[in-house]
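The values are calculated or read from the model by the stated rules, or taken from the named source; none is laboratory data. Worth saying up front: this structure is predicted, and the values here are computed from it rather than measured. Neighbour counts are summed over all protein chains in view; Cβ atoms, including those assigned to glycine, are modelled from backbone coordinates with ideal geometry. Quick note on the areas: whole protein, heavy atoms, side chains included, nothing else; ligands and nucleic acids left out. Shrake-Rupley method; radii C 1.70, N 1.55, O 1.52, S 1.80 Å.
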Amino acid sequence: MILNTELENKGNQFPSKIISYKKDVDTLYFTSENNVVLQLTIQRDSVLRFRYTTTSIFENDFSYAITRYASRGFNHLEVTEDDSKYIITTSKLICHISKEDMRKSIFDAKDNTLISEDELGFHWEESYEFGGNIVKMSKNSQEKESYYGLGDKPVPLNLKSKRFENWVTDSYAFNKDTDPIYKAIPFYTGLHHGKAYGIFFDNTFRSFFDFCQERRNVTSFWAQGGEMNYYFIYGPEMEEVVSNYTDLTGKPHELPPLWALGYHQCKWSYYPESNVKEVTNKFRDLKIPCDAIYLDIDYMEGFRCFTWNTDYFPDPKRMVKELSDNGFKTVAIIDPGIKIDKDYSVFKEGLEKDYFCKRADGPYMKGKVWPGECYFPDFTKPEVREWWSGLFKELIEEIGVKGVWNDMNEPAIMDVPGKTFPDDVRHDYDGNECSHRKAHNIYGMQMARATYQGLKKFSYPKRPFVITRAAYSGTQRYTSTWTGDNVASWEHLTIANLQAQRMCMSGFSFVGSDIGGFAEQPNGELYARWIQLGIFHPFCRTHSSGDHGDQEPWAFGENITDIVRKFIEIRYQLLPYLYTAFWRYATEGIPILKSLVLYDQADVQTHYRNDEFVFGEKILACPITEPNAKGRRMYVPEGNWYNFWDNTLVKGGNEVWVDADLDSMPIFVKEGAIIPKYPIQQYVGEKVIGELHLDVFYKLGKEKSQVYEDAEDGFDYKKGRFSLRNFNLLGKEDSLTIQQFKSGKFITSYETFEINLIGLPFEIRKVEVDNVKIDLDSCLKGNVLVITKEFTELRIISKKAVILE
Ligand code: GLC
């Protein structure tokens, strides 16, 4: 109860009329009579930052989310005013700011469409308990507006009519609609009148988004502290919005090693060593490709991070080497809780150096996790991150572990109501000291960052691989992620599909779910269907809690084993295709999975679709998410698509029935696509690639495709040692022409392409490589052509065209 009636009665407060305006290069300041300052920064022609203070003084401008590599600069900026407003014009946007009350409207500069408009706009309530403000923003929802994004929310893609909270939370066996769960990504995309824009509310306090739930025509967002500080990101294509957001919050600092895109096997826990070997050997015996094996918490001595249980693992270095000789990369878990144990070196050092988090009045933050009572490093302090990264020396450099799995980093605390630290815990926040209210959502991110720094240092000259459970915007720069403790149910298979797509449209593409479900046990059918979806997720790992039976590909009988193998083999064949998509994500911020709305926002049929998605640029996949299915109905987007299994053509823009018995799933390839494939390997690098297979899907018309390759690990690609092939395909009635433009200095191991021509409407009579006719008897078998990788122009000509020549 607040006894100070003056404070209690204040309620919402609003900026009053603007009394001054100032411009400082790319930043504009508008000050109201009641001391509100709106700072508007023109980050780019299409990206505007709005920041408000109610005290006329801004806090130190610091963000963990925004990368220092974010693009800045614009082509045009003009500020004018009339009686009622300021008018800010860039080459992409026009922003009006009302002199009366600071409310804003933003228009597309090309055609004047109203894109975003403040309803009440910025307002705030003073927080008596904590000081500062509860900061709020409300906007009018535009006609037929849809909303997407927000990270890992386990709900259908279109967020309209719902309200959400951002507070990273350990959510064992969460459910459809559980909110919040593990991640806080306060970024959404709005879409109306065929145009998309994004809002990134860069505020790490507990925050909320309401998409027309409370009031039918109003969208609002607010946070329990900090600043009203948000970025408006214009498209108008949704893909541009996501890639601009990813530019702002960062792309992965490097490509993953290619093995990280292979299949991973995990369980809580594989131990002792003989059990690990049994599992890895079985993969090789059964010829199921697999690249990584995980060690969960039982590898440690009493769950102490950076130790080994030597009864279970007497010689970890030897074991890791033997696994590596068999093609397996070892990934080990590391949690944030450090066991309180005066004989444990990590604990002692952390204590001596004063690296653990403390409560407001001085005691250490003590909480129970797997090892029992623990203290927790303050990863928001640079020295602590440096120390933490150094702790990986032995694990990575000496023992040879290739990847680290950060878990429980929300941070999760057992047996307490909030499941995490109390609000009063203090954090350094990189010199901007604060309470846990502000640091909570970035704690896990900073742990993953420190881990990443350790791996980067000690894995060198190889690339680091990290996986995290908790994340805030920007975490994608350092690590991959998974969707946490899901359940082996059909509903969760649907949720996994939604979450992976949503994470990709939230700038974080390196994502996957625990295939088969973490809690409870799937039957063979559910497991097979989940693998089918999982091979299309950028991160592909089976994981389970282990206490409900086995969850390896062979645990459900031979029939299922065969299906699982077949799909994992498809994943391995498609590795160069997925790697190319990853490269586009890492260089341009293009999401690896494209929900149909992101793929084709002009088609309103896509605005409420959930199941179908485009994997990379050209492959359409749709999981079967019900038991006993013989197929399903799905929406095929505009254009013509080849059925992956039998190459029959389907015309898009329609809902169609697709047969898919348990050994199949609906997969289509866009016409005109050139899909690169590697031979099936049991692990990345098992084989030297002797020939690059290209599936070429004929199209009457033009289509572009790309293939990116490099040494598959290491950093040479950053110095230009990559191979990028740009293919332009042009199909006519009686000929097919493919042009190749190659860049980069990497020399691929193969000399030839094996080109499989699919859907050619004519019989091949003549083939020319760079204008020279080649001998078909030696190069062509059926519709498969073997030619040099060095061509610039390949022409495939029909009989009719030959006669006409
Ligand atoms: C958490 C993780 C899970 C892991 C378990 C034991 O529940 O989410 O993946 O297996 O802890 O470490």
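Ranked from highest to lowest mean number of other Cβ atoms within 10 Å per residue, what is the order of the peptides 86-96, 289-299, 362-372? Present the calculation step by step, with values, prior to reporting the outcome.
Values: 86-96: 19.3, 289-299: 23.3, 362-372: 16.4.
Descending packing order for the listed peptides: 289-299, 86-96, 362-372.
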Open item on the list: Can you give me the long-range amide H partners of Lys358? Hydrogens built in the peptide plane at 1.01 Å from N, cutoff under 5 Å, separation of 5 or more residues or another chain.
Closed with: Met365, Arg426
Task: Point-to-point label distance, Arg633-Asn432, nm (Cα→Cβ direction, 7 Å offset) - done: 5.0
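Counting pairs of alpha carbon atoms under 8 Å apart in space and at least six apart in sequence, what relative contact order in percent does the chain give?
On the way: 2002 pairs, mean separation 76.0, N = 805.
RCO, the chain: 9 percent.
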- [ ] Between Ile340 and Glu126, take the C-beta separation as r, use R0 = 45 Å, and let me know the FRET efficiency to the nearest 0.05.
- [x] 0.70
Open item on the list: If you filter segment 252-344 for trypsin sites (Lys or Arg not before Pro), then keep DSSP loop positions with at most 16 other Cβ within 10 Å, what is left?
Closed with: Lys287, Lys342
Open item on the list: Could you report the chain's accessible area per residue, 1.4 Å probe, as an integer in Å²?
Closed with: 36
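Need one number: % antiparallel among DSSP beta bridges in the chain, to the nearest 5. Write out the running numbers ahead of the final one.
Working: 153 of 187 bridges.
So the antiparallel bridges in the chain amount to around 80 percent.
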TODO: Return the sequence-ordered ³J(HN,Hα) values of segment 311-326 in whole Hz as given by the Karplus equation 6.51 cos²θ - 1.76 cosθ + 1.60 applied to θ = phi - 60°, using x for Gly and Pro.
DONE: 5, 7, 10, x, 9, x, 5, 5, 4, 4, 5, 5, 5, 5, 4, 8
Open item on the list: Give me the one-decimal nm value for the distance between modelled label points at Ile57 and Arg163, 7 Å along each residue's Cα-to-Cβ direction.
Closed with: 3.5
- [ ] Please list the non-local residues whose amide H lies under 5 Å from the amide H of Tyr182, H modeled 1.01 Å from N, same-chain partners needing a gap of 5 or more.
- [x] Thr169
Task: Cα centre as origin, Lys/Arg/Asp/Glu Cβ charges: segment 612-700 dipole, Debye - done: 140
TODO: Note down the accessible area of Glu239, probe 1.4 Å, to the nearest 10 Å².
DONE: 50
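Give the peptides 380-390, 578-588 in descending order of average Cβ contacts within 10 Å, highest first.
Values: 380-390: 19.0, 578-588: 20.9.
Ranking the peptides 380-390, 578-588 by packing returns 578-588, 380-390.
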Task: Label-point separation, Thr113 to Asp315 (7 Å along Cα→Cβ), nm - done: 6.7
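Give me the extension gain from Arg359 to Tyr460: residue separation times 0.36 nm, minus the current Cα-Cα distance, reported in nm with one decimal.
Values: separation 101, 0.36 × 101 = 36.36 nm, distance 3.75 nm.
Stretched fully, the Arg359-Tyr460 segment lengthens by 32.6 nm.
At a Förster distance of 22 Å, what's the computed FRET efficiency of Lys718 paired with Ile747, Cβ-Cβ distance as r, to 0.05? Don't skip to the end; give the middle numbers.
Details: r = 17 Å, r/R0 = 0.76.
Result of the calculation: an efficiency of 0.85.
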- [ ] Step through the residues of segment 700-709 one at a time and calculate ³J(HN,Hα) from phi using the Karplus curve (6.51 cos²θ - 1.76 cosθ + 1.60, θ = phi - 60°), rounding each to whole Hz and writing x for Gly and Pro.
- [x] 7, x, 10, 7, 10, 9, 9, 9, 10, 9
TODO: For segment 570-583, take each phi angle, set θ = phi - 60°, evaluate the Karplus expression 6.51 cos²θ - 1.76 cosθ + 1.60, and give the result in whole Hz per residue in order, putting x for glycine and proline.
DONE: 4, 4, 5, 5, 7, 3, x, 5, 5, 5, 5, 5, 5, 4
Open item on the list: Could you work out the relative contact order of segment 192-337? I mean the mean sequence separation of Cα pairs under 8 Å and 6+ apart, divided by the number of residues, in percent.
Closed with: 18
- [ ] With a 10 Å radius around each residue's Cβ, average the other Cβ atoms per peptide and rank 143-152, 518-527, 646-655, 713-722, highest first.
- [x] 143-152, 518-527, 713-722, 646-655
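Normalised by the number of residues in segment 336-413, what is the relative contact order in percent for Cα pairs under 8 Å and 6+ residues apart? Numbers along the way, then the final one.
Numbers: 73 pairs, mean separation 24.5, N = 78.
Relative contact order, segment 336-413: 31 percent.
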- [ ] Leaving ligands, DNA and RNA out of it, report the carbon-plus-sulfur percent of the accessible area of the chain at a 1.4 Å probe.
- [x] 47
- [ ] Could you tell me the distance between the Cα centroids of segment 687-740 and segment 130-150, to the nearest Å?
- [x] 43
Open item on the list: Please list, in order, the residues from segment 515-542 whose amide nitrogen is less than 18 Å from a point placed 7 Å along the Cα→Cβ vector of Glu558.
Closed with: 524-525
Open item on the list: What is the distance in Å between the Cα centroid of segment 751-805 and that of segment 318-335?
Closed with: 46
Open item on the list: List the residues, sorted by chain then number, that are 5 or more residues from Trp405 or on another chain and whose placed amide H is less than 5 Å from its amide H.
Closed with: Ala332, Ile333, Ile334, Ile467
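Net charge near Arg426, counting Lys/Arg +1 and Asp/Glu -1 over other residues with Cβ under 15 Å of its Cβ? Write out the running numbers ahead of the final one.
Numbers: positive: Lys358, Arg359, Lys366, Lys381, Arg437, Lys438; negative: Asp354, Asp361, Asp378, Asp423, Asp424, Asp428, Asp430, Glu433.
With Lys, Arg at +1 and Asp, Glu at -1, the net is -2.
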